[in-house]
1. Restricting to segment 6-42, what's the tally of residues that are outside any helix (DSSP H, G or I) and under 24 Å from the mean Cα position of the chain (by Cα)?
2. Among the residues of segment 26-52, what is the count of those that are at pLDDT below 95 and surrounded by 11 or more Cβ atoms within 10 Å (Cβ to Cβ)?
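The values are calculated or read from the model by the stated rules, or taken from the named source; none is laboratory data. Everything numeric in this text was worked out from a predicted model, so none of it was measured. Quick reminder, even Gly has a Cβ in these numbers, built from the backbone with ideal geometry, and neighbours come from all protein chains shown.
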Amino acid sequence: MSVSLSAEWLRFAEEYQKTHGLSSRSEVIQLALKKLREWELAEGYRQMARDYAEHPDPLLDLEFDETVEQIDRG
């Protein structure tokens, strides 16, 4: 795979590589993608928490025994 970067981003990647002791620019890109994936996952959890705050699930707020009773009642 090849990646095209503007001169500005290439300079940033090279500087980041040097200052963080990474072995290659590819390692810089891999680290950036890993951080992006972690950020997306965290954002998904934040959105889930916002959705739950707006529309709580009553089954999740019950104790386990109460939940089982509601399920049994249909």
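1. 2
2. Qualifying residue count for the region: 2.
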